[in-house]
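The values are calculated or read from the model by the stated rules, or taken from the named source; none is laboratory data. Owing to the predicted nature of the structure, the values given are computational and were not obtained by experimental measurement. Cβ placement follows ideal geometry from the backbone for every residue including glycine, while neighbour counts extend to all protein chains displayed.
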Amino acid sequence: MKASQIVLFGIIILILNAGITLILINQFQTNQAGGHGIFSAPDVPCDSTGISRQNAITRAVADVEPAVVSVNVIKTQIVRGRMGAPGLGFGFFDFFDFFGPMQRQVQSLGSGVIYDPEGLIITNAHVVEGATEIKVVLADNREFDATLIGLDKENDVAKLRIRGNNLPYARLGNSDDILVGEWCIALGNPYGYVMNDAKPTVSVGVISALGRNLDFGSSRHYNLIQTDTAINQGNSGGPLVNIYGEVIGINTLIISESGGNIGLGFALPVNAVKQLVNAM
């Protein structure tokens, strides 16, 4: 091969190498700027700001919400006549005591959670104690007559059963693993009779303390989970959930002079609840 041909061949190789190098550099810069090239991560659904609104809390709510139920109860109360005011002699309502105590029907509302695909439900004993009729309404508006399987008044736990197909249910977690300060979620139906909506209300807070013992004189409660998560009337019997969508407690009471939430809510640890309902 002549020297001139060798030189020409070398020049062609250099030109080709330079072109390939320029193409690769341009491709790399495009990937860096746009983020959608061969080196970029897969896209994640985002809102208009570019930030995803999905998080551990929204996923936990989506998992548990279908299994949270409204527990509608009809109770029969005994009403006795009252004495007349001092100095007025015989009271008007005392007239009815000649015929014995009167009965009246009272409607109340609480919450519960389905924990088994066979329709087993956990709620509070004080929600269903004395009930003559129990109806359970799911978040999808299906309504069922419920049977009371067992009731532990001392520990404020009750077990119900409904019969239906494709019933949602929540996973029961491990309350021995709870950390003070970790996020928690309360679901239930506070003031559901006002809202007239079967879908549960969601409130979020943290675990404030563990192993709380409360003494109200007439009643005592032991080993409770304390939370600042908003819990109000009607939340009783609903689940307290961790960010994995596991039930870690059953909401049971609040301390409040006004009767509304002030950040002092209490739940029964789910490990104790599991032992109780398994024995019923």
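Side notes on the structure shown:
- Close contacts from segment 143-163, counting a first residue that is closer than 30 Å to ASN213 by Cα and a second that is among the charged types (D, E, K, R) and outside any loop (DSSP other than H, G, I, E, B), with Cβ to Cβ under 8 Å and a gap of 6+ residues or different chains, come to LEU148/LYS159; ILE149/LYS159; ILE149/ARG161; GLY150/LYS159; LEU151/LYS159; ALA158/ASP152.
- The numbered conditions (1) touching a residue at least 40 places away in the same chain (Cβ under 8 Å); (2) part of a loop (DSSP other than H, G, I, E, B) are all true for LEU179 except (1).
- Test result for ASP63, modelled with pLDDT under 60, of a type in the set (Asp, Glu) and out of contact with any helix residue (DSSP H, G or I) (no Cβ under 9 Å at 6 or more places or on another chain): no
- Here GLY205 does not fit the description of being at pLDDT below 95 and over 21 Å from ALA272 (Cα atoms).
- Residues in segment 262-280 that are surrounded by 20 or more Cβ atoms within 10 Å (Cβ to Cβ) and closer than 14 Å to THR227 by Cβ: 6 in all.
- Filter result for the condition that a residue is modelled with pLDDT under 95 and either on the phi < 0 side of the Ramachandran plot or aliphatic (A, V, I, L, M) (or both), over GLU246, GLU257: GLU257
- Of the residues screened, ILE243 is not one that is under 24 Å from SER108 (Cβ atoms), under 14 Å from the mean Cα position of the chain (by Cα), surrounded by 13 or more Cβ atoms within 10 Å (Cβ to Cβ) and aliphatic (A, V, I, L, M).
- Residue match in segment 212-232 (condition: touching a helix residue (DSSP H, G or I) at 6+ places or on another chain (Cβ under 6 Å) and surrounded by 22 or more Cβ atoms within 10 Å (Cβ to Cβ)): no
- For ILE255: the one exception among (1) in contact (Cβ under 8 Å) with a residue 40 or more places away in the chain; (2) in contact with a strand residue (DSSP E or B) (Cβ under 7 Å, 6 or more places away or on another chain); (3) of a type in the set (A, V, I, L, M): (2)
- Comparison of ILE243, ILE250 shows that the only residue that is assigned to a strand (DSSP E or B) and either under 17 Å from ALA170 (Cβ atoms) or among the basic types (Lys, Arg) (or both) is ILE250.
- In segment 191-232, residue farthest from the chain's Cα centre (by Cα) [restricted to those that are in a loop (DSSP other than H, G, I, E, B) and in contact (Cβ under 8 Å) with a residue 60 or more places away in the chain]: ALA198
- Residues that are under 22 Å from HIS221 (Cβ atoms) and assigned to a loop (DSSP other than H, G, I, E, B), drawn from segment 121-174: ASN124, GLU129, GLY130, LYS153, GLU154, ASN155, ASP156, GLY173, ASN174
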